[in-house]
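Peer 1: Sharing a structure here in structure tokens format.
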Amino acid sequence: MNSETSSISSGGASASEVKPERLYKVAFDLPDETADWARASSERLWAGKTSVQMEVQVRNTPFYVKGVAFGDIVRVRADHERRELVFEEFVSEGGHSTVRVVIRDDNVRSIVDDILRSFECSWEVDATGYLWAIDVPPEVDYVPMRAALLRIVNEGRIGMEEGVLARIRRDELGLLGFDC
């Protein structure tokens, strides 16, 4: 099983007192239509241990997996045949949302970058440079950020998908009965 360490620190402790967090790769099997587009049968996300056995906290933002965001808790199982941890079920949300953007106009990259920086979001860009996986933390004012991105969507310069919206975001947008 793949693992790596991260120097994510907990508040207040000095760097010499903080033990690096050990991260593990978790395979999330993709539905056929997503797998065809992604050219992969699964997406592997970094996760850190929790106090509950076989439950982990997602530690990066997915490019393809829907329904999971940074900070969410998921249950995993050891697949000995595949020699990896595999997603089994969603346990609880961490308050973050996942938004994905596909760049359709190369000249819009700096505009999207500026929007994301102004809202203090983090993001990852795939190897092609066209697919962006954006983490929207709970403290971000998502309504104006979403409006800014949708203006660019309406211009045809980007595509946008809300891979998962945290409960607070669904409430803000009036999507109370929807599980995004």
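The values are calculated or read from the model by the stated rules, or taken from the named source; none is laboratory data. Computed from a predicted model, the values in this text were never measured in an experiment. Ideal geometry is used to build each Cβ from the backbone, glycine not excepted, and the neighbour counts take in all protein chains shown. Side chains included, ligands, DNA and RNA excluded: accessible areas come from the protein's heavy atoms. Shrake-Rupley method; radii C 1.70, N 1.55, O 1.52, S 1.80 Å.
Peer 1: Given a 1.4 angstrom probe, I'd like the percentage of the accessible area of the chain that is carbon and sulfur, rounded to a whole number.
Peer 2: 47
Peer 1: Okay, next question. On average, how much accessible surface per residue is there in the stretch 13-133, in Å², for a 1.4 Å probe, leaving out ligands, DNA and RNA?
Peer 2: For the stretch 13-133, the solvent-accessible area averages 56 Å² per residue.
Peer 1: Continuing with the same structure: Pairs of alpha-carbon atoms within less than 8 angstrom and 6+ residues apart define the contacts here; what relative contact order does the stretch 80-180 have, in percent?
Peer 2: Relative CO of the stretch 80-180 lands at 36 percent.
Peer 1: If amide hydrogens are placed 1.01 Å from N in the peptide plane, which non-local residues have theirs closer than 5 Å to the one on residue 88?
Peer 2: Excluding prolines and chain starts, which carry no amide H, the hits are 75, 76, 77.
Peer 1: Please give the net charge around residue 161, taking every other residue with its beta carbon less than 10 angstrom from that of residue 161, where Lys and Arg add +1 and Asp and Glu add -1.
Peer 2: Net of charged neighbours comes to +1.
Peer 1: Just check the stretch 124-180 against the gyration tensor rule for me: Cα atoms, a ≥ b ≥ c as the square roots of the eigenvalues, rounded for a/c under 1.5, and otherwise prolate or oblate depending on whether a/b exceeds b/c.
Peer 2: prolate
Peer 1: Defining a contact as two alpha carbons under 8 Å apart and six or more residues distant in sequence, what relative contact order in percent does the stretch 7-132 show?
Peer 2: That works out to 17 percent.
Peer 1: Please state the shape class of the stretch 82-166: rounded when a/c is under 1.5, otherwise prolate if a/b exceeds b/c and oblate if not, all from the C-alpha gyration tensor.
Peer 2: oblate
Peer 1: If you don't mind, another one. Can you list the residues, at least 5 places off or on another chain, whose amide H is less than 5 Å from the amide H of residue 60, using H built in the peptide plane?
Peer 2: For residue 60, whose amide H was placed from the backbone, the distant partners under 5 Å are 46, 71.
Peer 1: Could you give P(r) for the stretch 97-140, binned at 10 Å from zero, as whole percent values over all Cα-Cα pairs?
Peer 2: 28, 59, 14
Peer 1: Tell me, what does the Kirkwood hydrodynamic radius of the chain come to in angstroms if you use every pair of distinct C-alpha atoms?
Peer 2: In the chain this quantity evaluates to 17.5 Å.
Peer 1: Under 5 Å between amide hydrogens, which residues at least 5 positions from residue 158 or on another chain qualify, with H placed 1.01 Å from N in the peptide plane?
Peer 2: Excluding prolines and chain starts, which carry no amide H, the hits are 104, 153.
Peer 1: What lysines could a cross-link reach from residue 66, if we take a straight Cα to Cα line under 30 Å and drop same-chain neighbours fewer than 8 places away?
Peer 2: 25, 49
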